Amino acid sequence: MSRAEATARAAVSRSAAGTAVEELLRLGLIRADLPLANGRGRPSSMLTLRADGAAVVACEVGTHETVIATHHLDGTLDDRKIVALDVPSMAPEESVVAVAAHLRQRVETVGPRCVGVGVSIPGMINRATGVATLVLPLNWRNVHVRDILERELQDMYVTVGQDALLAALAEFHLGAGASADRMLLLIAEAVGLGGAIVGLSSGQQPANHSLQAGHVIVDPRGPRCVCGAAGCLEMYADGRAFVRALGLGRGATPADVSAAVAAGLDDNALRALTKEIVVPFTTGLVSLVNALGPDRVVLAGLLAELPRLAGVRLEEVLAQSVVATAERVSVVPAELDDGVLRGAAYDAFSSLFRDPSAAIGARLTEAGTAVAGGRMDKEV
Ligand SMILES: [Zn+2]
């Protein structure tokens with residue numbers, strides 16, 4: 001964006017915006033380029049985030065695979081690595097320490113411009129204390145995840161969040177939730193279904209909550225769920241349910257489901273999908289929409305296929321929701337690849353966004369790196 005746009009968006013005086021821009025240039029976080037003169041007075045220089053300005057390490061802890069990637073300031077996500085870790089079979093602290101060892105390696109590779117580590121876990125986390133209170137897929141109860149990671153990664157800034165909430169943050173800011181006021185995201189994993197609601201409350205402070213959406217009961221006479229209740233939503237709409245409905249056989253993965261859907265489903269398969277997944281899923285969706293009042297519902301993971309496959313049915317069922325009848329509620333597929341990793345990265349950049357000088361200045365000084373990456377191009 002141009003300097004003039006940045007000043008307008010920040011809603012501060014020209015001199016305050018000028019000081020902030022100078023500081024970001026000095027820290028090497030942005031670049032200022034002069035556009036070609038168009039003969040209408042002095043052009044406003046274009047400000048761009050520098051890919052090499054800063055980075056964070058993003059990590060998604062799963063049951064058997066943990067994914068680690070580097071997310072740069074300009075939004076590029078690269079160096080994606082999958083680490084095989086059988087977390088449920090390990091002692092909780094031991095598994096967090098094992099994840100930390102891989103993260104430390106990556107932090108060292110990124111170097112002094114690494115400003116944080118963002119970790120996603122598939123369960124409940126207290127965001128204030130960093131304690132994972134209950135993560136059923138990993139077999140964790142009251143695990144001090146953030147404390148352990150901070151200890152293992154020395155003074156690195158560490159954030160830990162629930163996977164669905166992180167995916168929701170990414171979609172809200174960068175994907176299918178852009179321009180929504182209050183967005184509900186539901187994501188089907190290989191095992192389990194997560195949800196989160198994100199939005200802007202008054203005062204521009206985000207009002208974000210993770211939900212145990214997978215445990216909304218859609219049929220009390222249904223099969224027993226890992227949480228102890230019967231007929232929970234995730235029994236009907238996670239990866240296992242898709243594999244079953246499409247008759248893919250034991251051992252099939254979410255990737256196999258996506259491949260089957262992409263190859264095209266015949267009428268029988270579509271009927272099975274509607275009966276076994278779409279009907280119970282939309283029953284849960286109506287309750288969630290009524291309780292939470294979103295203006296947009298974003299479906300992620302395998303659920304992202306549903307609006308295209310069963311769009312008509314979703315609209316019909318949503319008409320049973322008093323909220324959806326009174327307000328416009330759109331149901332759309334997620335847009336981002338790696339939404340969870342991008343959300344974890346967004347979270348980890350928060351200290352840099354709050355106070356760039358404190359987040360990166362000290363690290364660079366410590367590392368003996370000159371803080372002059374962003375030399376200001378002379379204004380004419
Ligand atoms: Zn349940």
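Throughout, read-outs are computed from the coordinates displayed, never taken from laboratory work. On a predicted model such as this, the values are computed, not experimentally measured, just so you know. Here the Cβ is made from the backbone with ideal geometry for all residues, glycine too, and neighbour counts use every protein chain on show.
See the values below:
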| quantity | calculated |
| --- | --- |
| Net charge dipole size for the stretch 1-154 [Lys, Arg +1 and Asp, Glu -1 on Cβ; Debye, nearest 20] | 760 debye |
| Nearest-ten-degree value, helix 14-26 long axis tilted from longest Cα axis of the chain | 90 degrees |
| Radius of gyration and maximum dimension Dmax of the stretch 15-164, Cα, Å | 19.5, 68 |
| Signed unit charges on C-beta, dipole axis of the chain, positive-most listed residue Val107, Pro92, Gly249 | Val107 |
| Inverse of mean 1/r across different Cα pairs in the chain, Kirkwood, Å | 22.5 Å |
| Shape of the stretch 153-265, Cα gyration tensor, a/c cut at 1.5 | prolate |
| ³J(HN,Hα), Karplus 6.51/-1.76/1.60, whole Hz, each residue of the stretch 355-361, x for Gly, Pro | 8, x, 5, 5, 6, 10, x |
| Theoretical ellipticity at 222 nm over the chain - DSSP helices of four or more residues, -39500 (n - 2.57) apiece, nearest 500 | -10500 deg cm²/dmol |
| Cα gyration tensor category, rounded, prolate or oblate, for the stretch 200-262 with a/c compared to 1.5 | oblate |
| For the chain, size of Cβ-based charge dipole, Lys and Arg +1, Asp and Glu -1, in debye | 600 debye |
| Stokes-Einstein diffusion coefficient of the stretch 179-333, Kirkwood radius over Cα pairs, 20 °C, 1.002 mPa s, in µm²/s | 135 µm²/s |
| Burial order of peptide ranges 214-222, 76-84 (average beta-carbon count within 10 Å, highest first) | 214-222, 76-84 |
| Exposure proxy order (Cβ contacts within 10 Å, fewest to most) of Tyr346, Tyr157 | Tyr157, Tyr346 |
| Rel. contact order, % - alpha carbon contacts under 8 angstrom, at least six apart, the chain | 19 percent |
| Karplus 3J(HN,Hα) series, Hz, for the stretch 180-192 with 6.51 cos²θ - 1.76 cosθ + 1.60 (x for Gly, Pro) | 7, 8, 8, 10, 9, 10, 10, 10, 8, 9, 4, 10, x |
| Size of charge dipole - the stretch 179-333 - debye, nearest 20, with Cβ of Lys, Arg +1 and Asp, Glu -1, no other charges | 240 debye |
